[in-house]
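Beneath this line is the structure, given in structure tokens, with notes to follow.
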Amino acid sequence: MSVPDYMQCAEDHQTLLVVVQPVGIVSEENFFKIYKRISSVSQISVRDSQRVLYIRYRHHYPPENNEWGDFQTHRKVVGLITITDCFSAKDWPQTFEKFHVQKEIYGSTLYDSRLFVFGLQGEIAEQPRTDVAFYPNYEDCQTVEKRIEDFVESLFIVLESKRLDRATDKSGDKIPLLCVPFEKKDFVGLDTDSRHYKKRCQGRMRKHVGDLCLQAGMLQDSLVHYHMSVELLRSVNDFLWLGAALEGLCSASVIYHYPGGTGGKTGARRFQGALTSNGINPDTSAEIGRAKNCLSPEDIIDKYKEAISYYSKYKSAGVIELEACVKAVRVLAIQKRSMEASEFLQNAVYINLRQLSEEEKIQRYSILSELYELIGFHRKSAFFKRVAAMQCVAPSISEPGWRACYKLLLETLPGYSLSLDPKDFSKGTHRGWAAVQMRLLHELVYASRRMGNPALSVRHLSFLLQTMLDFLSDQEKKDVTQSLENYTCKCPGTMELLTLPGGPTLPPVPFTKLPIVRRVKLLNLPASLRPQKMKSLLGPNVSTKSPFIYSPIIAHNRGEERNKKIDFQWVQGDVCEVQLMVYNPMPFELRVENMGLLTSGVEFESLPAALSLPAESGLYPVTLVGVPQTTGTITVNGYHTMVFGVFSDCLLDNLPGVKTSGSTVEVIPALPRLQISTSLPRSAHSLQPSSGDETSTNVSVQLYNGETQQLVIKLENIGMEPLEKLEVTSKILTTKEKLYGDFLSWNLEETLAQFPLQPGKVATFVVNIKVKLDFSCQENLLQDLSDDGISVSGFPLCSPFRQVVRPRVESKPVNPPESSKPGDPSHVKTLEAILNFKYSGGPGHVEGYYRNLSLGLHVEAEPSVFFTRVSTLPATSTRQCHLLLDVFNSTEHELTVSARGNEELILHAGECQVTWGHPPGDLTASALAEHLLCGGGCVGAPMLLHTGRGGQGSGLGAWCRTGSFVGRPCSPWGLHHRQLSGPHAVLRIVKEAVCSLPVFVWMF
């Protein structure tokens, strides 16, 4: 016997073997349709008896195996059923002749046979026959099962007669010697009258009768015969048949202990009562007491080991030995004795059979794999299944079966703790041997490519790169990525489900590690584009969600919402940003293409980006942008990429170790976008308001004290919505400098007249910048000052008597030291202010939202004209006097001062000259404060008037009330070089201070 039956199990020893084969040309579909109905009649209850007859059907059985029928009767073909098509009466003789030819193949062992003819009708079909059944077609054949039952009963009759004939003790007759095929030549010339020979004949016959009893449903009788056979054969050292007797004894005991069977076929055996957890009949104690010949479960395995050891002595009994090992393993699997079962399987692996064909090798390794799986040795099972897969594409096969190879390789995955779902690899630590897993994945890639399915190759190679990245060397990473790029040139990787041969689907493999994402952060809009909600009547601190002060349930819900929803808003139609911190784990530059956002909840236009990450880079910031097209709540679910030609949708939920501050944000209706440009240059100074707001633009200007400059601002609507509302406010950031007058002034009505400002349109807004500061305290700018007389903020006010004592210098150039020259940074005063543009329009305005745009203004003010000395001279009238003023040009340019109407006084840089005027009419203290002193600051600058060593008198106030001046003492100034001009630089003296000045009276 050369062809093993790997599906054998212990209970097959009680079955009758029936072969079902086609005769002539019969379609495979029709044959297996009838074969399925025939094989459904697998057990028949014997009439007038409690015995059950079991049938085992095969549609293919090697004739050489039939020669071992005397050794084990369940290997003998006792029944033949043939199926044929015959549509005409003239073809019937030929068809019937083929049936007889088929019978001759198994003729020596057949008990009975049947021929099922389909398609033949007429006189021949109407003739009653017991061995032939006629049916018009394959649908109209309702009596097939009934004919099979009758056929089985005929087999039982023959079996029972043979059993009775062999079991009857005929001491006078000579018992024939039963032999296996390879023994016949060994027994030629033996002494048939020796006692040893007779015991051999008796022992073998007893074993044969035990087989017949077991097939006939007489379990107890078979046990008796097996025990007698064992004793006889052991005495004559007939090891081969002794092994067969022991195996028969084990089979009968297994059938008794495990009525459910060991082959794993549900419903194959009749159950008598309930079974225990290990499949043993719970009521066997009493039965064993009556039938002491039945082996215990432990003894069954011991006898199997002994029988296999006897089989191993004979090279020609390799198939018998292999099948015995398989049967023992199935029994041990039920007994849950895996380690002992593995020993039997290990022995089966090394059993040397004849030269097997490639198909037989595949079958052998596949069965070994199934048996290892049965006992729980999953990795061992996977190993043999992989060997079977490689056998399918052996070099000796002219047409390699790559599809079968691929299918077997897929079945090995669970044994190596390998799943084709990438989600299983994000759950904790890696399971299994990575080196073996990578080898298996490479074999899957190659097999799928040879199958002509490049999409499968790309999917498996992507899976290898994604899940085994940590175990690949640098060179392996380069090789795998190069192969992947070669595959994706012809078939790009997608996120679609792939259907595998046989039905199951292959999930997509997103590249969540190429690159690795460590942090995801949704970014707020720039400060100039952030929407702000108009304050409600309830106030900013009043909530309308709940009337209660505190509710733990509400607080809990809000906490959960806060963890998911971000507290800022995005705007419909505006570009929104999400920042990712990524890392390239590859030893070479990683190119990522078509990287964009995956969102839900709102229609969103993702603007894809491309990036190139250096080899093994650290955390690298990447900003992904997009534009929400509708309003609502948007959730950022992840991102999509294309790396090495593979498209990937990477969800945040599947990214291990990713930090995120939230992924949900509210999108409000669209608002206009305002862009400003000014006539002034940009400033290098970046203003930082105390409120934390940011300025979008900063401009700067340099002015002389008293100078006025216009700031022209162009307002352009660069959005898609009309700009309908605009409010402008200003805030001065400088606090240490006191301003006089309006620093910034504008007329908003002229600009609002151009509203609503449509998209793309420009409106003009003019702001007047006027600098009025007090520079009087910077005395180091002045030279040769006197300590005598009355001084205003340190500037002497001399009487005519003192003038006589100390003559005036008409024209004196001043040359201050280098550190005190005008234009020195210590003399420049800085003013900073912010213009806030609060604007709205479109749907966002309807919902109560607006935007705020800030313009930073940096002004550097320098001193211009100083009046360094004020003196008086007697006039022609006692009621009048002349006022003398010393004018000092503190700039670096030539300056013209207008005086006495059209008179002009030209002053060079750093020059001081005298000008004078006579006041007309009565002059009050307030008027004197307005017109008396000029210089040291701009109009409106506060100055204290103080005296030196004061004298007695009625005071200046009294004199001022009765005296008058003629002409205007101070005049506008202008710079020739820069073509600038300023107002009257008149010092303002506090009224109370003026009224407290002493008065000098002249006597005539």
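The values are calculated or read from the model by the stated rules, or taken from the named source; none is laboratory data. Quick caveat: nothing in here was measured; it's all calculated off a predicted structure. All Cβ positions, even for glycine, are placed from backbone atoms using ideal geometry, and neighbour counts span all protein chains on display. Quick note on the areas: whole protein, heavy atoms, side chains included, nothing else; ligands and nucleic acids left out. Shrake-Rupley method; radii C 1.70, N 1.55, O 1.52, S 1.80 Å.
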Next item on the list: Provide a single number: the residues in the stretch 659-688 that are open to solvent by 20 Å² or more (accessible area, probe 1.4 Å), modelled with pLDDT under 85 and part of a loop (DSSP other than H, G, I, E, B).
Entry: 6
Item checked: Output for the stretch 14-29, where each listed residue is in contact (Cβ under 8 Å) with a residue 24 or more places away in the chain and not small (Gly, Ala, Ser) -> 14, 15, 16, 17, 18, 19, 20, 21, 22, 23, 25, 26
Next item on the list: Read through the list (1) assigned to a loop (DSSP other than H, G, I, E, B); (2) open to solvent by less than 20 Å² (accessible area, probe 1.4 Å); (3) of a type outside the set (Asp, Glu); (4) on the phi < 0 side of the Ramachandran plot, then give the number of the only condition that residue 739 fails.
Entry: (2)
Next item on the list: Kindly establish whether residue 639 is in the same structural domain as residue 530 (by the TED database) and more than 30 Å from residue 719 (Cβ to Cβ).
Entry: no
Note to self: Condition first: in contact (Cβ under 8 Å) with a residue 40 or more places away in the chain, assigned to a helix (DSSP H, G or I) and not charged (D, E, K, R). Now tell me which residues in the stretch 413-446 satisfy that.
What the structure shows: 415, 422, 425, 426, 440
Next item on the list: Give the stretch 693-706 a look and list any residue that's at pLDDT below 85 and either charged (D, E, K, R) or open to solvent by 60 Å² or more (accessible area, probe 1.4 Å) (or both), or say none.
Entry: 693, 694
Item checked: Flag for residue 190 being assigned by the TED database to the domain that holds residue 51 and either within 26 Å of residue 248 (Cα to Cα) or of a type in the set (A, V, I, L, M, F, W, C) (or both) -> no
Check: Does residue 719 meet the test of being open to solvent by less than 20 Å² (accessible area, probe 1.4 Å) and in contact with a Ser or Thr (Cβ under 7 Å, 6 or more places away or on another chain)?
Finding: no
Next item on the list: Select from the stretch 571-609 the residues that are open to solvent by 40 Å² or more (accessible area, probe 1.4 Å), in a loop (DSSP other than H, G, I, E, B), more than 23 Å from residue 848 (Cα to Cα) and in contact with a Pro (Cβ under 7 Å, 6 or more places away or on another chain) and list them in ascending order.
Entry: 589
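Residue-wise test of (1) farther than 13 Å from residue 178 by Cβ; (2) modelled with pLDDT under 95.
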position: 201; (1), (2): no, yes
position: 204; (1), (2): no, yes
position: 219; (1), (2): yes, yes
position: 236; (1), (2): yes, yes
position: 246; (1), (2): yes, no
position: 251; (1), (2): yes, no
position: 258; (1), (2): yes, yes
position: 266; (1), (2): yes, yes
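Every residue, every condition in (1) more than 58 Å from the chain's Cα centre (by Cα); (2) among the aliphatic types (A, V, I, L, M); (3) in a loop (DSSP other than H, G, I, E, B), yes or no:
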position: 836; (1), (2), (3): no, no, no
position: 845; (1), (2), (3): no, no, no
position: 853; (1), (2), (3): no, yes, no
position: 857; (1), (2), (3): no, yes, no
position: 860; (1), (2), (3): no, no, no
position: 866; (1), (2), (3): yes, no, no
position: 870; (1), (2), (3): yes, yes, no
position: 886; (1), (2), (3): yes, no, no
Item checked: Residue within the stretch 303-316 that is open to solvent by 60 Å² or more (accessible area, probe 1.4 Å), of a type in the set (Phe, Trp, Tyr) and in a helix (DSSP H, G or I) present -> no
Notebook entry, point to check: Given the conditions (1) assigned to a helix (DSSP H, G or I); (2) at pLDDT 90 or above, and given that residue 165 satisfies all but one, which numbered condition is not satisfied?
Noted result: (2)
Check: Looking at 363, 391, 346, which is the one that is free of Cβ contacts under 8 Å to residues at least 12 places away in the same chain and not hydroxyl-bearing (Ser, Thr, Tyr)?
Finding: 346
Checklist line | Top-ranked residue in the stretch 55-77 [being in a strand (DSSP E or B) and touching a Ser or Thr at 6+ places or on another chain (Cβ under 6 Å); ranked as surrounded by the fewest Cβ atoms within 10 Å (Cβ to Cβ)] | finding: 56
Next item on the list: Output the number of the condition that residue 86 fails; it satisfies all remaining conditions of (1) farther than 30 Å from residue 357 by Cβ; (2) surrounded by fewer than 20 Cβ atoms within 10 Å (Cβ to Cβ).
Entry: (2)
Check: Looking at residue 382, is it over 24 Å from residue 437 (Cα atoms), open to solvent by less than 50 Å² (accessible area, probe 1.4 Å), without any contact (Cβ under 8 Å) to a residue 60 or more places away in the chain and in a helix (DSSP H, G or I)?
Finding: no
Margin query: Restricting to the stretch 468-495, give me the number of residues that are in contact with a Pro (Cβ under 8 Å, 6 or more places away or on another chain), assigned to a helix (DSSP H, G or I), open to solvent by 10 Å² or more (accessible area, probe 1.4 Å) and under 18 Å from residue 515 (Cα atoms).
Written below: 3
Next item on the list: Please state which of the following conditions residue 32 fails to meet, knowing it meets all the rest: (1) in contact (Cβ under 8 Å) with a residue 60 or more places away in the chain; (2) over 24 Å from residue 213 (Cα atoms); (3) open to solvent by 40 Å² or more (accessible area, probe 1.4 Å); (4) not in a strand (DSSP E or B).
Entry: (1)
